[in-house]
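Below: one structure, written as C-alpha cells.
The values are calculated or read from the model by the stated rules, or taken from the named source; none is laboratory data. Note that this is a predicted model, so its numbers are computed, not measured. Don't worry about glycine lacking a Cβ; one is built from the backbone with ideal geometry, like all the others, and counts go over all protein chains shown.
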Amino acid sequence: MKTPILLLFPVLGTLSGVAQVKPAKPNIIFFLVDDMGWQETSVPFWEKKTKLNERYHTPNMELLTSQGVKFTQAYACPLCSPTRASLMTGLNSAHHHVTNWTLRKNSSPDLPHKELDLPKWSINGLSPVAGVDGTCYVKTLPMFLKEAGYTTIHIGKAHWGAKGTPGEEPLNLGFDVNIAGHAAGGPGSYYGKYNFSAEWRHEDRIWDVPGLEKYHGQDINLTEALTIEAKDQMGKAVQKGNPFYLYMAHYAIHAPWEKDERFYQKYKDSGLTDFEATYASMIESMDKSLGDILTRVKELGIEKNTIIIFMSDNGSPSQCPQNLPLRGCKISPYEGGIRDPMIVKWPGVTKDGSVCKESLIIEDFFPSILEMAGIKKCKQIGGKIDGKSFVSLLEGKRGIFKNRQFFWHFPHNYGFEPYSVIRQNDWKLIYWYKESKLELYNIPNDISEANDLAKANPAMTKNLAVKLGKYLRKANAGRPTFKVSGKPCFWPDQSPQLSKP
C-alpha cells in the first residue's frame, strides 16, 4: 500500500533524540446518492459514452474521477434499506434480512400475492439494542469509527429503522451528529418554502424532513440546505481536532421529483420534457453539492488527508429514462437495478484518472472504510461479516476478487416478484421463486442481459444454482410458500428446470 501524504498531530515525544510524530487518521467522506442510475452522469461508466452521459451535466463528478479511481462494476442492493443496512453492517441482505424498504413499525410495503405467502424478514430494520422484534441486532460502522476516535456526522437520509424503533435515530447508531435523518426514505418535499413537508401535497407527513426548521419558508432546495449543514459540521469537526467520518446521504434524486430552479431551464430549453428536465436538474443539484463539499475540503486545508467516496444506493426507478445499455431498473435483479456509479479519491493511494473494472458489492464498504481508518479487527454482532475490503483495489492491485461469489436476495412482491441472484466472474444467474425459473447471462458479452443462456449452458446453470442454494440456506434466508399447498418454493438448486433435457 502506498503511503498517503498525511497531516500530522503535534510531536508526542522523543526517542534517541529524534522527534516522534503520530500520523493522523484520514478524514472519510461518504457521498451517497439515492436512486441514481449507472449512466445518469456526464461521466461514462461504460466503455463508451451513452445518450444519458451526453444529456446530464455533472462537472464535479468529472473532477473527482480525474483525481481518483472510477469503478465500473460496483454493485448495491436493488433498493434503499437493504443497501444501507449492508453498508452499516458488512452483511449481505440475505444475512441481515432487511430485504425490502422499511418505514412503519411491523408494516411491510409488500403487495398481496395471489399464489404466494411471503416470508418473515427484518421488517423493522437495524437495531443497536437486542430484543427489538423484527430487527437485525448489529454494531454499526459509525460505532466502530467512533470508538477509534472519529467524529461521526450524519447528514440527510437515514432509513435504517422503522418509526418507533431505536434504529430510526442515527444518534442511536453511532453518530455524534444527526441532521435530517429519520425513518423515512424520501423527503416530503425538496422545497424550503414548503418546509420540506408533504403537507402541501396533502400526503402523509411521516415523510417530512426533520431538523431543518431554520430553512422553513425559505426559497432553498433541500439538497442545498443539507450541503450547507455538512460544510458547517466539517468545519466544527476540524476545529475539534479529531478525524471525522461524514456520511453525506442525499435524499436526491429520490421522488418526489421536484425541479431545482437553478438548473432546470437549460434542460427544458434543450428540448427535454418537463419530467426529464426536472430530473436532470436534480442530478446537477446533487453534483453541485459534491463540488461544494470538495471546495470545503480545500478551504479547511485537509485535502491531502481526506478520502472521498461516491456511490449510489441502487438503480434508477422505472419512471426514469432507461440506463442503456443496462436492462432493468430499481428493484429489478438486472444490472440496471443493482449496478451503480462509484468513485474513490484517496490522496497518495489512488491513481488520478484510473479505472477499476473489478466487481465489488455494497457490504464491502464496511471492512474497507474500517481499514482506511486503521481498524484491523472487528466482530459483527449480527454474524460473520460478508464484505471484503477493496483497499488493495484502490492501491492498483487487480484480480483479488477472482472467483468470488456475489449474492442478492429479494423474497418480496413489490415491483417485482420474489427472486435471488448470484454472480461469479463473468456469469450471473437469476432465480424466480414462483415459477422456479433460472436465467443465465454472460455479463461481459451481454451487458444488456438480452440472451438467456440457461438452456444453452446447463452445466454453468446448475453450478451457480447449487452455489446460490447453498448460500441461501446457510444465511437462513427466507423464501415464499405456496398458499394452496403450504409448501415452500423450491431453492434454486431444486428447480425442475435443472432436470429437463
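Observations on the structure shown:
So that you can scan it fast, the table gives a plain yes or no per residue for (1) assigned to a loop (DSSP other than H, G, I, E, B); (2) surrounded by 20 or more Cβ atoms within 10 Å (Cβ to Cβ); (3) modelled with pLDDT under 95:
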position: Gly167; (1), (2), (3): no, yes, no
position: Leu171; (1), (2), (3): no, no, no
position: Asn178; (1), (2), (3): no, yes, no
position: Pro187; (1), (2), (3): yes, yes, no
position: Ser197; (1), (2), (3): yes, no, no
position: Glu203; (1), (2), (3): yes, no, yes
position: Pro210; (1), (2), (3): yes, no, no
position: Lys214; (1), (2), (3): no, no, no
position: Asp219; (1), (2), (3): yes, no, no
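- Failed condition for Ala183, given (1) surrounded by fewer than 20 Cβ atoms within 10 Å (Cβ to Cβ); (2) under 18 Å from Ser108 (Cα atoms); (3) among the hydrophobic types (A, V, I, L, M, F, W, C): (1)
- Annotation note: Cβ proximity below 9 Å between a residue of the range 455-468 that is in contact (Cβ under 8 Å) with a residue 60 or more places away in the chain and a residue that is buried (at least 17 other Cβ atoms within 10 Å of the Cβ) and part of a helix (DSSP H, G or I) (sequence gap 6+ or interchain) occurs for Lys467/Pro492; Lys467/Asp493; Leu468/Pro492; Leu468/Asp493.
- Residue within the range 417-436 that is within 20 Å of Pro488 (Cβ to Cβ), among the acidic types (Asp, Glu) and surrounded by 17 or more Cβ atoms within 10 Å (Cβ to Cβ) present: yes
- Pairing residues of the range 23-36 that are farther than 16 Å from Lys298 by Cα with residues that are in a strand (DSSP E or B) and among the charged types (D, E, K, R), at Cβ distances under 8 Å and at least 6 apart in sequence or on separate chains, gives Met36/Asp340.
- Checked against the criterion of being buried (at least 16 other Cβ atoms within 10 Å of the Cβ) and part of a loop (DSSP other than H, G, I, E, B), the range 457-471 has no qualifying residue.
- Filtered residues of the range 474-501 (kept if under 17 Å from Phe410 (Cα atoms), polar (S, T, N, Q) and not in a loop (DSSP other than H, G, I, E, B)): Thr481
- Just one of the listed residues (Ala249, Ala277) is farther than 25 Å from Arg84 by Cα, touching a Lys or Arg at 6+ places or on another chain (Cβ under 6 Å), assigned by TED's automatic domain parsing to the domain that holds Arg84 and modelled with pLDDT of 95 or more, namely Ala277.
- Test for Phe401: is it on the phi < 0 side of the Ramachandran plot and at pLDDT 95 or above: no
- Screening the range 322-405 for helices (runs of 4 or more DSSP H) wholly inside it with 3 or more residues that are surrounded by 21 or more Cβ atoms within 10 Å (Cβ to Cβ) and either among the aromatic types (Phe, Trp, Tyr) or in the same structural domain as Val33 (by TED's automatic domain parsing) (or both) returns the ranges 335-338, 365-372.
- Any chance Thr83 is of a type outside the set (A, V, I, L, M), buried (at least 24 other Cβ atoms within 10 Å of the Cβ) and either closer than 21 Å to Gly415 by Cβ or at pLDDT 95 or above (or both): yes
- Among residues of the range 421-445 that are β-branched (Val, Ile, Thr), those with a beta-carbon under 6 Å from a residue that is crowded, with 17+ Cβ neighbours inside 10 Å and part of a loop (DSSP other than H, G, I, E, B) at least six positions away or on a different chain give the pairs Val421/Pro333; Ile430/Pro333.
- If you go through the range 58-70 and keep only what is under 16 Å from Met36 (Cα atoms) and touching a Lys or Arg at 6+ places or on another chain (Cβ under 8 Å), you end up with just Asn60.
- Residue list for the range 262-291, filter: buried (at least 16 other Cβ atoms within 10 Å of the Cβ) and among the polar types (S, T, N, Q): Thr278, Ser281, Ser285, Ser289
- Pair list, Cβ < 9 Å and 6+ apart or interchain, from the range 477-498 residues that are free of Cβ contacts under 8 Å to residues at least 24 places away in the same chain and in the same structural domain as Ala465 (by TED's automatic domain parsing) to residues that are surrounded by fewer than 16 Cβ atoms within 10 Å (Cβ to Cβ) and of a type in the set (Phe, Trp, Tyr): Pro488/Phe482
- Residue list for the range 21-77, restricted to those being in contact with a Pro (Cβ under 7 Å, 6 or more places away or on another chain) and of a type in the set (D, E, K, R): Lys25, Asp35
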